[in-house]
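Colleague: Mind looking over this structure? Questions follow.
The values are calculated or read from the model by the stated rules, or taken from the named source; none is laboratory data. Predicted, not measured: the structure shown is a model, and the values here were computed from it. Cβ placement follows ideal geometry from the backbone for every residue including glycine, while neighbour counts extend to all protein chains displayed. Accessible surface is based on the protein model in full, side chains and every heavy atom, while ligands, DNA and RNA are left aside. Shrake-Rupley method; radii C 1.70, N 1.55, O 1.52, S 1.80 Å.
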Amino acid sequence: MGKKGTKGNKMKGAEKTAAKMGKKVSKRSKREEEDLEALIAEFQNLDAKKTQVVETACPPPSPRLNASLSAHPEKEELILFGGEFFNGKKTYLYNDLFFYNIKKNCWVKSEMPNPPPPRCSHQAVVVPQGGGQLWVFGGEFASPNGEQFYHYRDLWVLHLATHTWENIKAPGGPSGRSGHRMILSKRQLLVFGGFHESTRDFIYYNDVHSFSLDNFTWSRPAPSGSAPSPRSACQMTSTPDGMGVIIYGGYSKLRVKKDVERGTIHSDMFVLKREGKDGHEKWSWSRVNPSGNKPPPRSGFSLAVGPAGRAVLFGGVCDEEEEESVEGDFFNDLYLYDTAKNRWFPGLLRRNKSEKKKRRRGKKDGAQEEEEEEAATQAPTEVIKEITTEDGTVMTIKEVIPGAHEEEEEEEDEEGDDASASLVEPCPRSSAMATVRQGKLFLYGGMFEVGDRQFSLNDFYCLDLHKMDQWEVLVEMDPKAQEWLEESDSEDDDDEEVKGAEGKEEDEESEEESEDEKDEEGHPAVREGETLTDYQSRTERYWMGLALSNMGPDAKDKKVTKVAITMAKVFYEEQ
């Protein structure tokens, strides 16, 4: 008899532990949140002085991450709100609002009276009613030094027809949080998960909340079954019938002992089903195991819903912990999840091959499903690219590109083909903003790291999900915008010494080359008629030295060699 109640007792115990932790976090963070409330109030007082809507044409928004990018439900427009930026010394939070006209490829900044206060890691959902509405819930505000945090629990709606913000004050909503997920399901906004963090404590959530768009009230479903573990930054999409939601992945961390935390990247999937009529729904959790080629574990990925209800996953980061250091592997690959078939497959770009190559590969035109199946069997390849910032920092970016057949095709056809050249695509990143409008995926900003430096982006891309042929660059990455401020001048001096040593080494390695054999960035130029093999052999010492200087003296020889070969190949192909 005792065994029958074991599972129930465990669930009650887990709920009690979570409740205690929630009270502990709330008590310890209350004081610092009160400090930030005064700062937030100052922002609101400034915004309250605005009495009319002011719209001005503007350049693309500044670099940022963890903002929201939404597609207008009626117009060919995108809506960007909020976000954050960190330059090494100071954290900036935004509450600015931008509209992007897709047809005209232009931005407009809209300043409205009484907007939500600055935030990041919130959620925004568009609904078609009333000429279009943008609903915003929760998010996070951080002090300029990044040491204190305030988590919002407010709900706002932007009336797109009248360009007015409204604060919806409905009791019983979720607790303050960020990193949660929210989607529209029938006539309800469903909120799941998220986290609350202070300087000393943190808690992750796996609760579900529902907000009715008919009567503007919050409710909290109590689903049966085994729920996902507490997490933030997961994937949340609707089921094909619209009666439930699908949860995939996410991130959480645990305190294993004092001052020691351990992060966990989740890669499991759950379905939350709803049955019954409005007001009498019954909810249940169930775990599902999708088929196909699943994405490698990662956090910070971007998500949007594409044609035919397919969820599109882009990028992210996977941290590799080695002893006391943590190195993040950033991604720029695409994966699609078919909600109807419960199946993952990589979203590979299709190149416009010649008929000769198509026959050689034995492919047939118009066989999209066959191409996806074939793509799932290809092994991923790595490409290393460099970007030099205004202060001279060389940012080495690893791109993981699914499919290794392109190189084989190039070797088969020595005559060359412009279509087989390296495709333009976003660099690896996490926390970018993504949305889909009329079958096109739009991707904005995000961040990646180079050593201890974090760089926020403001580049902008578009990909036609029907054609899947190429990324269109709407705004290029601007190296001058990659600002990073060191905390001490001594570090700057050390950097100058390192750069001087690197320059001396490069001079010694390139004695055999004249000045006219270098490109504008100082890399060995490709000689006329020179093959890739000959170029790599001639410039091997240069690229090995450059790879080593970027990866550090502790990098493994095998990895340095691999990076050097790939860097040379990328540079050769770009010439």
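Colleague: Being open to solvent by less than 20 Å² (accessible area, probe 1.4 Å) and farther than 18 Å from GLY300 by Cβ is the filter here, so list the residues in the stretch 229-238 that pass it. Outline the logic, then answer.
Modeller: Step one: of the stretch 229-238, the residues open to solvent by less than 20 Å² (accessible area, probe 1.4 Å) are 231-232, 234-237.
Matches in the stretch 229-238: none.
Colleague: A further question follows. Return the total of residues in the stretch 221-231 being among the polar types (S, T, N, Q) and more than 23 Å from LYS186 (Cα to Cα). Walk me through it before giving the result.
Modeller: Just the residues of the stretch 221-231 that are among the polar types (S, T, N, Q), to begin with: 224, 226, 229.
Adding the requirement that they be more than 23 Å from LYS186 (Cα to Cα) leaves 226, 229.
Of the residues in the stretch 221-231, 2 are among the polar types (S, T, N, Q) and more than 23 Å from LYS186 (Cα to Cα).
Colleague: Next question. Pull up the stretch 264-306, narrow it to residues that are part of a strand (DSSP E or B), among the polar types (S, T, N, Q) and open to solvent by 30 Å² or more (accessible area, probe 1.4 Å), then point me to the one that is farthest from LEU254 (Cα to Cα).
Modeller: Initial filter on the stretch 264-306 (part of a strand (DSSP E or B)): 264-275, 282-288, 291-292, 299, 302-305.
Then drop every residue that is not among the polar types (S, T, N, Q), which leaves 264, 267, 284, 286, 291, 299, 302.
If we keep only those that are open to solvent by 30 Å² or more (accessible area, probe 1.4 Å) too, we end up with 264, 267, 284, 286, 291.
Numbers: THR264: 8, SER267: 17, SER284: 27, SER286: 24, SER291: 30 Å.
Checking each candidate, the answer is SER291.
Colleague: Looking at SER490, SER510, SER514, SER537, can you tell me which residue is more than 31 Å from the chain's Cα centre (by Cα) and modelled with pLDDT of 85 or more? Before you say what the answer is, go through the steps one by one.
Modeller: Details: SER490 fails: modelled with pLDDT of 85 or more; SER510 fails: modelled with pLDDT of 85 or more; SER514 fails: modelled with pLDDT of 85 or more.
So the residue among SER490, SER510, SER514, SER537 that is more than 31 Å from the chain's Cα centre (by Cα) and modelled with pLDDT of 85 or more is SER537.
Colleague: Another one. Against the condition surrounded by 17 or more Cβ atoms within 10 Å (Cβ to Cβ), modelled with pLDDT under 90 and more than 15 Å from LEU313 (Cα to Cα), how does SER420 come out, does it pass? Talk me through it step by step, then tell me what you get.
Modeller: On the way: surrounded by 17 or more Cβ atoms within 10 Å (Cβ to Cβ): yes; modelled with pLDDT under 90: yes; more than 15 Å from LEU313 (Cα to Cα): yes.
Answer is yes for this residue.
Colleague: Please go through the stretch 80-118 and give me each residue that is charged (D, E, K, R) and in contact (Cβ under 8 Å) with a residue 40 or more places away in the chain, ordered by number.
Modeller: Keep residues of the stretch 80-118 that are charged (D, E, K, R), which gives 84, 89-90, 96, 103-104, 109, 111.
Across the stretch 80-118, the qualifying residues are GLU84, LYS89, LYS90, LYS109, GLU111.
Colleague: Taking the conditions exactly as written (open to solvent by 30 Å² or more (accessible area, probe 1.4 Å), within 21 Å of TRP344 (Cβ to Cβ), among the aliphatic types (A, V, I, L, M) and outside any loop (DSSP other than H, G, I, E, B)), does ILE246 satisfy them or not?
Modeller: On the way: open to solvent by 30 Å² or more (accessible area, probe 1.4 Å): no; within 21 Å of TRP344 (Cβ to Cβ): yes; among the aliphatic types (A, V, I, L, M): yes; outside any loop (DSSP other than H, G, I, E, B): yes.
Judged against the criteria, ILE246 is not a match.
Colleague: Moving on. What is the one condition in (1) polar (S, T, N, Q); (2) surrounded by 17 or more Cβ atoms within 10 Å (Cβ to Cβ); (3) modelled with pLDDT under 85 that SER26 does not satisfy?
Modeller: Only one criterion is unmet by SER26, namely (2).
Colleague: Let me ask you something else. So, in the stretch 188-201, of the ones that are open to solvent by 20 Å² or more (accessible area, probe 1.4 Å) and either of a type in the set (A, V, I, L, M, F, W, C) or touching an Asp or Glu at 6+ places or on another chain (Cβ under 7 Å) (or both), which residue ends up modelled with the highest pLDDT?
Modeller: If we take residues in the stretch 188-201 being open to solvent by 20 Å² or more (accessible area, probe 1.4 Å) and either of a type in the set (A, V, I, L, M, F, W, C) or touching an Asp or Glu at 6+ places or on another chain (Cβ under 7 Å) (or both), then PHE195 is modelled with the highest pLDDT.
Colleague: Can you say whether ALA340 is in a loop (DSSP other than H, G, I, E, B), modelled with pLDDT under 95 and within 25 Å of SER70 (Cβ to Cβ), as far as the supplied structure shows?
Modeller: Details: in a loop (DSSP other than H, G, I, E, B): yes; modelled with pLDDT under 95: yes; within 25 Å of SER70 (Cβ to Cβ): yes.
Spelling it out, ALA340 is indeed in a loop (DSSP other than H, G, I, E, B), modelled with pLDDT under 95 and within 25 Å of SER70 (Cβ to Cβ).
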